[in-house]
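Everything below concerns the one structure shown next.
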Amino acid sequence: MAMNLEVRGISFRYGSITALDGVDLTVDAGEIVSIVGPNGSGKTTLLKCIDNILRPKSGVALIMGNDINKLSLKEISKTIGYVPQTSVRTIFPFTVFDLVLMGRKPYISWEVSKRDRRIVAETLDFLGISELAMRYVSELSGGEQQKVLLARALAQEPRVLLMDEPTSNLDIKHQLEVLSITKQMVKEKSLAVVMAIHDLNLACRFSDRIAMLKRGKLFAVGTPEEVLTEANIKEVYEVEVKVFKDDGRGYPYIVPLSAA
Ligand code: ADP
(Lines give C-alpha, C1' and ligand atoms only; values in the text may rest on other atoms or scores of the structure.)
Protein backbone atom coordinates (compact mmCIF):
# COMPACT_ATOMS: atom_id res chain seq x y z
CA MET A 1 0.00 0.00 0.00
CA ALA A 2 1.17 3.54 -0.72
CA MET A 3 2.55 5.46 2.21
CA ASN A 4 1.05 8.94 2.18
CA LEU A 5 2.56 10.30 5.36
CA GLU A 6 5.75 9.56 7.21
CA VAL A 7 6.81 11.31 10.39
CA ARG A 8 10.47 10.72 11.25
CA GLY A 9 11.85 11.54 14.67
CA ILE A 10 9.93 14.76 15.21
CA SER A 11 10.80 16.74 18.33
CA PHE A 12 9.31 20.08 19.28
CA ARG A 13 9.78 22.48 22.18
CA TYR A 14 7.81 25.49 23.35
CA GLY A 15 10.62 27.37 25.13
CA SER A 16 11.78 24.96 27.79
CA ILE A 17 8.75 22.64 27.48
CA THR A 18 9.39 19.55 25.38
CA ALA A 19 6.07 18.88 23.65
CA LEU A 20 7.26 16.14 21.27
CA ASP A 21 10.28 13.93 21.67
CA GLY A 22 11.37 11.83 18.70
CA VAL A 23 7.98 10.75 17.35
CA ASP A 24 7.89 8.34 14.38
CA LEU A 25 4.70 7.49 12.54
CA THR A 26 3.62 6.30 9.10
CA VAL A 27 0.13 6.46 7.66
CA ASP A 28 -0.85 4.58 4.50
CA ALA A 29 -3.40 5.59 1.91
CA GLY A 30 -6.84 4.42 3.00
CA GLU A 31 -5.88 4.31 6.67
CA ILE A 32 -7.18 6.14 9.75
CA VAL A 33 -4.61 6.52 12.51
CA SER A 34 -5.86 8.03 15.75
CA ILE A 35 -3.60 9.92 18.11
CA VAL A 36 -4.63 9.40 21.72
CA GLY A 37 -3.11 10.48 25.00
CA PRO A 38 -3.98 12.66 27.99
CA ASN A 39 -4.30 16.45 27.77
CA GLY A 40 -0.90 17.97 27.15
CA SER A 41 0.63 14.79 25.72
CA GLY A 42 1.39 16.49 22.38
CA LYS A 43 -1.48 15.54 20.05
CA THR A 44 -2.22 19.02 18.72
CA THR A 45 1.47 19.86 18.48
CA LEU A 46 2.02 16.76 16.36
CA LEU A 47 -0.80 17.73 13.97
CA LYS A 48 0.63 21.25 13.71
CA CYS A 49 4.12 19.94 12.95
CA ILE A 50 2.71 17.72 10.18
CA ASP A 51 0.80 20.69 8.75
CA ASN A 52 3.94 22.89 8.88
CA ILE A 53 2.21 25.36 11.20
CA LEU A 54 4.98 24.61 13.69
CA ARG A 55 8.48 23.81 12.61
CA PRO A 56 10.00 20.88 14.54
CA LYS A 57 13.34 21.27 16.27
CA SER A 58 14.42 18.03 14.65
CA GLY A 59 12.91 15.37 12.44
CA VAL A 60 10.80 15.66 9.29
CA ALA A 61 7.32 15.01 7.99
CA LEU A 62 7.22 13.52 4.49
CA ILE A 63 4.03 13.76 2.45
CA MET A 64 3.95 11.37 -0.51
CA GLY A 65 7.70 11.11 -0.04
CA ASN A 66 8.32 14.88 -0.10
CA ASP A 67 9.80 16.78 2.84
CA ILE A 68 7.09 19.20 3.86
CA ASN A 69 9.63 21.95 4.52
CA LYS A 70 10.50 21.93 0.85
CA LEU A 71 6.91 22.32 -0.38
CA SER A 72 5.30 25.68 -1.11
CA LEU A 73 2.29 26.76 0.91
CA LYS A 74 0.16 26.10 -2.15
CA GLU A 75 1.53 22.58 -2.55
CA ILE A 76 0.98 21.93 1.15
CA SER A 77 -2.65 23.02 0.95
CA LYS A 78 -3.18 20.81 -2.09
CA THR A 79 -1.90 17.76 -0.26
CA ILE A 80 -2.93 18.30 3.37
CA GLY A 81 -6.43 19.09 4.57
CA TYR A 82 -6.89 20.29 8.15
CA VAL A 83 -10.20 19.92 9.96
CA PRO A 84 -10.14 22.13 13.05
CA GLN A 85 -12.18 21.64 16.20
CA THR A 86 -15.53 23.32 15.99
CA SER A 87 -16.76 25.29 18.90
CA VAL A 88 -20.34 26.27 19.30
CA ARG A 89 -19.26 29.89 19.22
CA THR A 90 -17.37 29.63 15.95
CA ILE A 91 -18.33 32.63 13.85
CA PHE A 92 -18.06 32.15 10.11
CA PRO A 93 -19.84 35.01 8.34
CA PHE A 94 -20.12 32.91 5.19
CA THR A 95 -22.61 30.65 3.54
CA VAL A 96 -21.80 26.95 3.52
CA PHE A 97 -21.10 27.07 -0.22
CA ASP A 98 -18.65 29.96 0.11
CA LEU A 99 -16.81 28.44 3.06
CA VAL A 100 -16.37 25.13 1.25
CA LEU A 101 -15.31 27.00 -1.89
CA MET A 102 -12.44 28.44 0.17
CA GLY A 103 -11.07 24.91 0.23
CA ARG A 104 -10.50 25.36 -3.52
CA LYS A 105 -8.25 28.37 -2.91
CA PRO A 106 -4.97 26.59 -3.70
CA TYR A 107 -6.38 25.69 -7.12
CA ILE A 108 -7.98 28.99 -8.06
CA SER A 109 -5.57 31.02 -10.18
CA TRP A 110 -7.66 33.93 -11.37
CA GLU A 111 -11.32 33.35 -10.89
CA VAL A 112 -13.49 30.52 -9.63
CA SER A 113 -14.01 27.97 -12.40
CA LYS A 114 -16.95 25.74 -13.20
CA ARG A 115 -14.83 22.85 -12.03
CA ASP A 116 -14.32 24.50 -8.61
CA ARG A 117 -18.07 24.99 -8.24
CA ARG A 118 -18.75 21.45 -9.37
CA ILE A 119 -16.28 20.01 -6.83
CA VAL A 120 -17.91 22.03 -4.05
CA ALA A 121 -21.38 20.84 -5.09
CA GLU A 122 -20.19 17.23 -5.30
CA THR A 123 -18.51 17.43 -1.91
CA LEU A 124 -21.65 18.81 -0.26
CA ASP A 125 -23.62 16.03 -1.92
CA PHE A 126 -21.10 13.42 -0.75
CA LEU A 127 -21.53 14.60 2.86
CA GLY A 128 -25.31 14.81 2.51
CA ILE A 129 -25.45 18.56 3.22
CA SER A 130 -26.44 19.97 -0.20
CA GLU A 131 -29.59 21.47 1.28
CA LEU A 132 -27.43 23.59 3.63
CA ALA A 133 -25.48 25.25 0.77
CA MET A 134 -27.03 28.72 1.07
CA ARG A 135 -27.32 28.76 4.89
CA TYR A 136 -24.93 30.76 7.07
CA VAL A 137 -22.38 28.51 8.76
CA SER A 138 -22.77 30.47 12.01
CA GLU A 139 -26.44 29.48 12.16
CA LEU A 140 -25.84 25.73 11.92
CA SER A 141 -25.68 23.14 14.68
CA GLY A 142 -22.31 21.79 15.85
CA GLY A 143 -22.77 18.58 13.86
CA GLU A 144 -23.62 20.47 10.69
CA GLN A 145 -20.66 22.82 11.18
CA GLN A 146 -18.33 19.86 11.61
CA LYS A 147 -19.52 18.40 8.31
CA VAL A 148 -19.00 21.78 6.62
CA LEU A 149 -15.40 21.93 7.91
CA LEU A 150 -14.90 18.39 6.65
CA ALA A 151 -16.33 19.44 3.28
CA ARG A 152 -13.95 22.40 3.09
CA ALA A 153 -10.96 20.13 3.73
CA LEU A 154 -12.20 17.57 1.18
CA ALA A 155 -12.74 20.23 -1.49
CA GLN A 156 -8.95 20.73 -1.35
CA GLU A 157 -8.66 17.19 -2.75
CA PRO A 158 -5.91 16.40 -0.24
CA ARG A 159 -4.00 13.14 0.13
CA VAL A 160 -3.65 13.54 3.90
CA LEU A 161 -6.37 14.73 6.23
CA LEU A 162 -5.55 15.97 9.73
CA MET A 163 -8.45 16.12 12.17
CA ASP A 164 -8.27 17.75 15.59
CA GLU A 165 -10.92 16.31 17.88
CA PRO A 166 -13.59 16.08 15.18
CA THR A 167 -16.20 14.84 17.63
CA SER A 168 -15.54 17.00 20.68
CA ASN A 169 -18.66 19.15 20.45
CA LEU A 170 -21.04 16.61 19.00
CA ASP A 171 -23.80 14.50 20.48
CA ILE A 172 -23.44 10.74 20.19
CA LYS A 173 -25.44 10.44 16.97
CA HIS A 174 -23.42 13.13 15.21
CA GLN A 175 -20.17 11.66 16.57
CA LEU A 176 -21.01 8.36 14.90
CA GLU A 177 -22.21 10.09 11.75
CA VAL A 178 -19.10 12.27 11.28
CA LEU A 179 -16.76 9.34 11.93
CA SER A 180 -18.71 6.99 9.64
CA ILE A 181 -18.57 9.54 6.83
CA THR A 182 -14.85 10.01 7.47
CA LYS A 183 -14.27 6.28 7.26
CA GLN A 184 -16.23 5.96 4.03
CA MET A 185 -14.41 8.91 2.53
CA VAL A 186 -11.00 7.54 3.49
CA LYS A 187 -11.71 4.28 1.70
CA GLU A 188 -13.28 5.85 -1.39
CA LYS A 189 -10.66 8.53 -1.86
CA SER A 190 -7.67 6.61 -0.46
CA LEU A 191 -6.85 9.37 1.98
CA ALA A 192 -4.50 9.02 4.90
CA VAL A 193 -6.13 10.36 8.06
CA VAL A 194 -4.45 11.40 11.29
CA MET A 195 -7.03 12.20 13.92
CA ALA A 196 -6.54 13.46 17.47
CA ILE A 197 -9.38 12.04 19.54
CA HIS A 198 -10.19 11.81 23.24
CA ASP A 199 -12.90 9.17 23.20
CA LEU A 200 -11.09 5.83 23.34
CA ASN A 201 -14.18 3.83 22.37
CA LEU A 202 -14.72 5.87 19.25
CA ALA A 203 -10.99 5.61 18.50
CA CYS A 204 -11.27 1.81 18.83
CA ARG A 205 -14.23 1.60 16.56
CA PHE A 206 -13.10 3.83 13.71
CA SER A 207 -9.30 3.57 13.60
CA ASP A 208 -7.15 1.15 11.68
CA ARG A 209 -4.28 1.92 14.04
CA ILE A 210 -3.79 3.95 17.18
CA ALA A 211 -0.74 5.94 18.26
CA MET A 212 -0.65 6.61 22.01
CA LEU A 213 1.36 9.56 23.27
CA LYS A 214 2.72 9.99 26.77
CA ARG A 215 4.42 13.30 27.55
CA GLY A 216 5.46 13.89 23.96
CA LYS A 217 6.77 10.38 23.35
CA LEU A 218 5.17 7.66 21.31
CA PHE A 219 4.24 5.18 24.06
CA ALA A 220 2.58 2.57 21.82
CA VAL A 221 1.40 2.20 18.24
CA GLY A 222 -0.58 -0.61 16.62
CA THR A 223 -4.10 -1.92 16.20
CA PRO A 224 -6.72 -0.77 18.73
CA GLU A 225 -6.51 -4.20 20.42
CA GLU A 226 -2.74 -3.94 20.74
CA VAL A 227 -2.61 -0.39 22.04
CA LEU A 228 -5.73 0.12 24.15
CA THR A 229 -4.95 -2.45 26.82
CA GLU A 230 -5.77 -2.07 30.51
CA ALA A 231 -2.04 -1.85 31.31
CA ASN A 232 -1.28 0.83 28.69
CA ILE A 233 -4.27 2.97 29.67
CA LYS A 234 -3.31 2.75 33.35
CA GLU A 235 0.28 3.70 32.60
CA VAL A 236 -0.57 6.62 30.29
CA TYR A 237 -3.84 8.02 31.73
CA GLU A 238 -3.47 6.87 35.36
CA VAL A 239 -6.95 5.39 35.22
CA GLU A 240 -8.18 1.86 35.89
CA VAL A 241 -10.29 0.53 33.06
CA LYS A 242 -11.81 -2.76 32.07
CA VAL A 243 -11.32 -3.69 28.42
CA PHE A 244 -13.94 -6.06 27.04
CA LYS A 245 -12.43 -7.95 24.14
CA ASP A 246 -13.97 -8.02 20.70
CA ASP A 247 -16.87 -10.46 20.87
CA GLY A 248 -18.25 -10.02 17.38
CA ARG A 249 -18.55 -6.23 17.33
CA GLY A 250 -15.22 -5.97 15.55
CA TYR A 251 -13.64 -3.77 18.21
CA PRO A 252 -12.95 -3.92 21.96
CA TYR A 253 -14.92 -1.86 24.48
CA ILE A 254 -13.42 0.17 27.32
CA VAL A 255 -15.18 0.96 30.59
CA PRO A 256 -13.48 3.28 33.08
CA LEU A 257 -13.47 2.02 36.68
CA SER A 258 -11.60 4.58 38.77
CA ALA A 259 -8.56 6.82 38.83
CA ALA A 260 -5.55 4.65 39.71
P1 ADP B 1 -2.59 17.83 23.59
O2 ADP B 1 -3.07 18.25 22.23
O3 ADP B 1 -2.28 16.37 23.68
O4 ADP B 1 -3.47 18.27 24.70
P5 ADP B 1 -0.54 19.84 23.18
O6 ADP B 1 0.17 19.47 21.93
O7 ADP B 1 -1.55 20.92 23.13
O8 ADP B 1 -1.17 18.53 23.83
O9 ADP B 1 0.53 20.26 24.28
C10 ADP B 1 1.74 19.55 24.54
C11 ADP B 1 2.57 20.28 25.58
O12 ADP B 1 2.98 21.54 25.05
C13 ADP B 1 1.83 20.60 26.87
O14 ADP B 1 2.75 20.47 27.92
C15 ADP B 1 1.41 22.04 26.71
O16 ADP B 1 1.31 22.68 27.94
C17 ADP B 1 2.52 22.61 25.87
N18 ADP B 1 2.06 23.70 25.00
C19 ADP B 1 1.10 23.60 24.02
N20 ADP B 1 0.94 24.77 23.38
C21 ADP B 1 1.82 25.65 23.96
C22 ADP B 1 2.15 27.01 23.73
N23 ADP B 1 1.55 27.73 22.78
N24 ADP B 1 3.10 27.57 24.54
C25 ADP B 1 3.71 26.84 25.49
N26 ADP B 1 3.46 25.55 25.73
C27 ADP B 1 2.53 24.95 24.99
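The values are calculated or read from the model by the stated rules, or taken from the named source; none is laboratory data. Note that this is a predicted model, so its numbers are computed, not measured. All Cβ positions, even for glycine, are placed from backbone atoms using ideal geometry, and neighbour counts span all protein chains on display. Only protein heavy atoms, including side chains, enter the accessible area calculation; ligands, DNA and RNA are left aside. Shrake-Rupley method; radii C 1.70, N 1.55, O 1.52, S 1.80 Å.
Just for region 104-116: of the residues that are basic (Lys, Arg) and in a helix (DSSP H, G or I), which one is surrounded by the most Cβ atoms within 10 Å (Cβ to Cβ)?
Lys105
Can you pull out every residue in region 163-188 that is open to solvent by less than 50 Å² (accessible area, probe 1.4 Å) and among the hydroxyl-bearing types (Ser, Thr, Tyr)?
Thr167, Thr182 - these are the residues of region 163-188 that are open to solvent by less than 50 Å² (accessible area, probe 1.4 Å) and among the hydroxyl-bearing types (Ser, Thr, Tyr).
Filter region 240-260 for residues that are of a type in the set (A, V, I, L, M) and surrounded by 15 or more Cβ atoms within 10 Å (Cβ to Cβ); which is nearest to Ala203 (Cα to Cα)?
First, pick out the residues of region 240-260 that are of a type in the set (A, V, I, L, M): 241, 243, 254-255, 257, 259-260.
If we keep only those that are surrounded by 15 or more Cβ atoms within 10 Å (Cβ to Cβ) as well, we get 241, 243, 254.
Details: Val241: 15, Val243: 14, Ile254: 11 Å.
Per the stated criteria, the residue is Ile254.
Restricting to region 30-71, and then to whatever is closer than 19 Å to Ala153 by Cβ and among the hydroxyl-bearing types (Ser, Thr, Tyr), can you tell me which residue is farthest from the ligand (Cβ to nearest atom)?
Applying the filter and picking the extreme gives Ser34.
Checking Arg104 against (1) modelled with pLDDT under 95; (2) within 16 Å of the ligand (Cβ to nearest atom); (3) in contact with an Asp or Glu (Cβ under 6 Å, 6 or more places away or on another chain), only one condition comes out false. Which one?
It is condition (2) that Arg104 fails.
Enumerate the pairs (first residue in region 202-230 and under 24 Å from Leu191 (Cβ atoms); second residue anywhere and within 16 Å of the ligand (Cβ to nearest atom) and of a type in the set (Phe, Trp, Tyr)) with beta-carbon separation below 8 Å, excluding pairs fewer than 6 apart on the same chain, so at least 6 apart or on different chains.
Going by the 8 Å Cβ cut-off, the qualifying pairs are Met212/Phe219; Leu213/Phe219.
Working only within region 63-84, note down all residues that are surrounded by 17 or more Cβ atoms within 10 Å (Cβ to Cβ) and closer than 17 Å to Met195 by Cα.
Matches in region 63-84: Ile63, Thr79, Ile80, Gly81, Tyr82, Val83.
For Gln156, state whether it is open to solvent by 10 Å² or more (accessible area, probe 1.4 Å), touching a Ser or Thr at 6+ places or on another chain (Cβ under 7 Å) and closer than 17 Å to Leu47 by Cβ.
yes
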